[in-house]
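Data block below; observations after.
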Amino acid sequence: MKQVVVIGAGAAGLMAACAAAENGHTVTILEQNEKAGKKIYITGKGRCNFTNTCDLPVFFDHVVTNPRFLYSALYAFDQQDAMRFFEDHGCPVKVERGDRAFPVSDHASDITATFLRVLKQYGVKILYHTKVTKILTEDTPERRITGVEYLSQNGKKETLSADAVILCTGGASYPSTGADGSGYRFGEALGLKVQEGKPSLVPLVTGEAWTKKLQGLALKNVTFTVFAPDHKPGKRKKVFSEFGEMLFTHFGVSGPIVLSASCHLDFDNKEVYPAEIDLKPALDHETLLNRLLRECESAPDKHLASILRKLAPSSLAEEIAALYFEMHPDKREKPVRTFVKKEREDLTTLLKHLPLTITGSRGFGEAIITRGGIDVRQINPSTMEVKTIRGLYIAGELLDVDAYTGGFNLQIAWSTGHLAGTSVS
């Protein structure tokens, strides 16, 4: 039996503590917040999309950074294992569209409550309002963990001995949940290489004023494409392209496919990314052109916005018409029967390639996860143990591993946390 300290009572930390306790170890969790799972409460808009049940090869396709590192963790504790864990401990689950799994209750709090029941069952102690200040090691004869220093709730400096420490402090996203990047500082203090943390799965800011006028408008079944910022005319390089749902906001765009796109964007040097929306991805250019022609022929005396309302929401139709009139100002007050073939072609192109300019993101304050973290080359992927420090394990968002939205990142937390907890033995 070992004395195990888990730093952080988030997704990975809670699972790691359960796994270690189930293996007979004495476990203490140190958490700086007033309660456990604070970020879990807000995931999935409070419903907690806790995993994605797709086949594992598909799962790995949704991991953006270092997917191969996760093979051992995912095969040791996969999505079905996660679902069984919650079911077996009193939290019924369900699977919805897109293979996304949720608690049947639609309450994220039930996920955290499940962990707390298990931890209580195994006698795991959780110290809240407790901020770790240092991870202690010694070199006899190899470098190994000896414990942690922390500030207790009354501000007193304390030391807790440990045979193993599982570091699960998360990244820097959603600082309102207590995320402060402290894990990066612990890593650097221990001599580990840390990839700079950056906001990911984050809404994007656009340069166009018209997008902001559409605040609250959701688009379904569209394709969102982003191009490299240094593209040359006629030779645009795609950075990201995906079919799905998106949302206009008061600052730009959000929604599932926009969040996924953000995983591939970097604004360190104030990059500006050209982007476009294909409003009718199911129709090729020629088919859409013919449909436009039929709409115009059925109502030849209508103005453009009226015709566009057959193809797009009313508010968006008005903005598309305004963009079109910037190209063809002479058509502003003309009925559609006056549009010649070239003008109809331009309109079709606009519907298939509605242009946007991505100028930035909403930062850590609205980022679901953090891209970057502890360089995984320093971690044994079969155990989550740091190769150079015996007894130090790292799991969850603190690792330089991230994935798209849809339950993938929480499953990574469960799998790496579980592997770390079981590997302590």
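Have a look at Phe69, Phe59 and point out the one that is more than 19 Å from Gly170 (Cβ to Cβ), at pLDDT 95 or above and within 19 Å of the chain's Cα centre (by Cα). Even if it seems obvious, please write down each step before you answer.
Numbers: Phe69 fails: more than 19 Å from Gly170 (Cβ to Cβ).
After applying the criteria, what remains is Phe59.
Does Gln195 satisfy the criteria of being surrounded by fewer than 16 Cβ atoms within 10 Å (Cβ to Cβ) and either more than 19 Å from the chain's Cα centre (by Cα) or in contact (Cβ under 8 Å) with a residue 40 or more places away in the chain (or both)? Talk me through it step by step, then tell me what you get.
Numbers: surrounded by fewer than 16 Cβ atoms within 10 Å (Cβ to Cβ): no; either more than 19 Å from the chain's Cα centre (by Cα) or in contact (Cβ under 8 Å) with a residue 40 or more places away in the chain (or both): yes.
Spelling it out, it is not the case that Gln195 is surrounded by fewer than 16 Cβ atoms within 10 Å (Cβ to Cβ) and either more than 19 Å from the chain's Cα centre (by Cα) or in contact (Cβ under 8 Å) with a residue 40 or more places away in the chain (or both).
On the given criteria, is Gly360 within 13 Å of the chain's Cα centre (by Cα) and at pLDDT 95 or above? Let's see the steps before the verdict.
Values: within 13 Å of the chain's Cα centre (by Cα): no; at pLDDT 95 or above: yes.
Taking the combined requirement at face value, the residue does not satisfy it.
Being closer than 20 Å to Ala403 by Cβ, surrounded by fewer than 18 Cβ atoms within 10 Å (Cβ to Cβ) and at pLDDT 95 or above narrows it down to one residue among Asp99, Asp106, Asp88; which is it? Even if it seems obvious, please write down each step before you answer.
Values: Asp106 fails: closer than 20 Å to Ala403 by Cβ; Asp88 fails: closer than 20 Å to Ala403 by Cβ.
After applying the criteria, what remains is Asp99.
Quick one: which of Val376, Val340, Val386, Val401 is farther than 25 Å from Ser173 by Cα and hydrophobic (A, V, I, L, M, F, W, C)? Let's see the steps before the verdict.
Numbers: Val376 fails: farther than 25 Å from Ser173 by Cα; Val386 fails: farther than 25 Å from Ser173 by Cα; Val401 fails: farther than 25 Å from Ser173 by Cα.
Only one candidate passes the filter, namely Val340.
Tally the residues that are of a type in the set (Val, Ile, Thr) and either assigned to a loop (DSSP other than H, G, I, E, B) or not assigned by TED's automatic domain parsing to the domain that holds Ser152 (or both), restricting the search to the stretch 7-36.
Restricting attention to the stretch 7-36, the residues satisfying the condition of being of a type in the set (Val, Ile, Thr) are 7, 26-29.
With the extra rule that they be either assigned to a loop (DSSP other than H, G, I, E, B) or not assigned by TED's automatic domain parsing to the domain that holds Ser152 (or both), the set shrinks to none.
The number of residues fulfilling the criteria is 0.
Can you name every residue in the stretch 316-370 that is touching a residue at least 60 places away in the same chain (Cβ under 8 Å), of a type outside the set (Lys, Arg) and in a helix (DSSP H, G or I)? Walk me through how you get there before you give the answer.
Filtering the stretch 316-370 down to residues touching a residue at least 60 places away in the same chain (Cβ under 8 Å) leaves 316, 319, 322-323, 348-349, 351-370.
Of the ones still in play, those that are also of a type outside the set (Lys, Arg) are 316, 319, 322-323, 348-349, 351, 353-361, 363-370.
Across the stretch 316-370, the qualifying residues are Leu316, Glu319, Ala322, Leu323, Thr348, Thr349, Leu351.
Restricting attention to the stretch 272-286, does a residue exist that is in a loop (DSSP other than H, G, I, E, B), in contact with a Phe, Trp or Tyr (Cβ under 9 Å, 6 or more places away or on another chain) and on the phi < 0 side of the Ramachandran plot? First the steps, then the outcome.
Applying the first criterion (in a loop (DSSP other than H, G, I, E, B)) to the stretch 272-286 yields 272, 279-284.
Next, from what is left, pick out any that are in contact with a Phe, Trp or Tyr (Cβ under 9 Å, 6 or more places away or on another chain): 281.
With the extra rule that they be on the phi < 0 side of the Ramachandran plot, the set shrinks to 281.
Within the stretch 272-286, one or more residues are in a loop (DSSP other than H, G, I, E, B), in contact with a Phe, Trp or Tyr (Cβ under 9 Å, 6 or more places away or on another chain) and on the phi < 0 side of the Ramachandran plot.
Could you tell me which residue of the stretch 41-52 is surrounded by the most Cβ atoms within 10 Å (Cβ to Cβ), considering only residues that are out of contact with any Pro (no Cβ under 8 Å at 6 or more places or on another chain) and at pLDDT 95 or above? Working first, answer last.
Quick first cut of the stretch 41-52, residues out of contact with any Pro (no Cβ under 8 Å at 6 or more places or on another chain) only: 41-46, 49, 51-52.
With at pLDDT 95 or above added as a condition, the list becomes 49, 51-52.
Details: Asn49: 22, Thr51: 30, Asn52: 24.
Taking the candidates together, the pick is Thr51.
With free of Cβ contacts under 8 Å to residues at least 24 places away in the same chain and within 27 Å of Lys38 (Cβ to Cβ) as the only criterion, which of Thr249, Thr169, Thr159 stands out? Full working, then the answer.
Details: Thr249 fails: free of Cβ contacts under 8 Å to residues at least 24 places away in the same chain; Thr169 fails: free of Cβ contacts under 8 Å to residues at least 24 places away in the same chain.
Among Thr249, Thr169, Thr159, only Thr159 is free of Cβ contacts under 8 Å to residues at least 24 places away in the same chain and within 27 Å of Lys38 (Cβ to Cβ).
When you go through Lys134, Lys39 one by one, which is the residue that is charged (D, E, K, R) and closer than 20 Å to Ser200 by Cβ?
Details: Lys134 fails: closer than 20 Å to Ser200 by Cβ.
Sole residue among the options that is charged (D, E, K, R) and closer than 20 Å to Ser200 by Cβ: Lys39.
Take the residues of the stretch 250-288 that are surrounded by fewer than 21 Cβ atoms within 10 Å (Cβ to Cβ) and touching a Pro at 6+ places or on another chain (Cβ under 8 Å): which is modelled with the lowest pLDDT?
Glu271
Considering every residue within the stretch 312-321, establish whether at least one is touching an Asp or Glu at 6+ places or on another chain (Cβ under 8 Å) and either over 30 Å from Phe408 (Cβ atoms) or not acidic (Asp, Glu) (or both).
So the first thing to find is which residues in the stretch 312-321 are touching an Asp or Glu at 6+ places or on another chain (Cβ under 8 Å), and the list is none.
Looking through the stretch 312-321, none of the residues is touching an Asp or Glu at 6+ places or on another chain (Cβ under 8 Å) and either over 30 Å from Phe408 (Cβ atoms) or not acidic (Asp, Glu) (or both).
Among the residues of the stretch 199-211 satisfying the criterion of being in a helix (DSSP H, G or I) and surrounded by 15 or more Cβ atoms within 10 Å (Cβ to Cβ), which is nearest to the chain's Cα centre (by Cα)? Step through it out loud before you land on a result.
The first filter runs over the stretch 199-211 and keeps only residues in a helix (DSSP H, G or I), leaving 209-211.
When the remaining residues are screened for being surrounded by 15 or more Cβ atoms within 10 Å (Cβ to Cβ), the result is 210-211.
Details: Trp210: 27, Thr211: 23 Å.
Going through the qualifying residues, I end up with Thr211.
Is it the case that Ile257 is part of a helix (DSSP H, G or I) and out of contact with any helix residue (DSSP H, G or I) (no Cβ under 7 Å at 6 or more places or on another chain)? Give the derivation first.
Numbers: part of a helix (DSSP H, G or I): yes; out of contact with any helix residue (DSSP H, G or I) (no Cβ under 7 Å at 6 or more places or on another chain): yes.
For Ile257, the condition - part of a helix (DSSP H, G or I) and out of contact with any helix residue (DSSP H, G or I) (no Cβ under 7 Å at 6 or more places or on another chain) - is met.
For the stretch 375-390, does any single residue satisfy the condition of being at pLDDT 95 or above, closer than 24 Å to Ile257 by Cβ and either among the polar types (S, T, N, Q) or surrounded by 17 or more Cβ atoms within 10 Å (Cβ to Cβ) (or both)? If you could, list the steps in order and put the result at the bottom.
If we filter the stretch 375-390 for residues that are at pLDDT 95 or above, which is where we start, we get 375-390.
Next, from what is left, pick out any that are closer than 24 Å to Ile257 by Cβ: none.
No, every residue in the stretch 375-390 fails to be at pLDDT 95 or above, closer than 24 Å to Ile257 by Cβ and either among the polar types (S, T, N, Q) or surrounded by 17 or more Cβ atoms within 10 Å (Cβ to Cβ) (or both).
Out of all the residues in the stretch 115-160, which are at positive phi and out of contact with any strand residue (DSSP E or B) (no Cβ under 6 Å at 6 or more places or on another chain)? Spell out how you get there, then give the answer.
So in the stretch 115-160, the residues at positive phi come out as 123, 129, 147, 155.
Gly123, His129, Gly155 - these are the residues of the stretch 115-160 that are at positive phi and out of contact with any strand residue (DSSP E or B) (no Cβ under 6 Å at 6 or more places or on another chain).
For the stretch 201-225, what are the residues that are without any contact (Cβ under 8 Å) to a residue 60 or more places away in the chain, among the small types (Gly, Ala, Ser) and closer than 14 Å to Pro355 by Cα? Lay out the reasoning, then the answer.
Restricting attention to the stretch 201-225, the residues satisfying the condition of being without any contact (Cβ under 8 Å) to a residue 60 or more places away in the chain are 209, 212, 215-216, 218, 220, 222-225.
From what's left, among the small types (Gly, Ala, Ser): 209, 216, 218.
Result: Ala209, single match.
The values are calculated or read from the model by the stated rules, or taken from the named source; none is laboratory data. Because the structure is a prediction, the values reported are computed rather than measured. All Cβ positions, glycine included, derive from the backbone under ideal geometry; neighbour counts span all protein chains shown.
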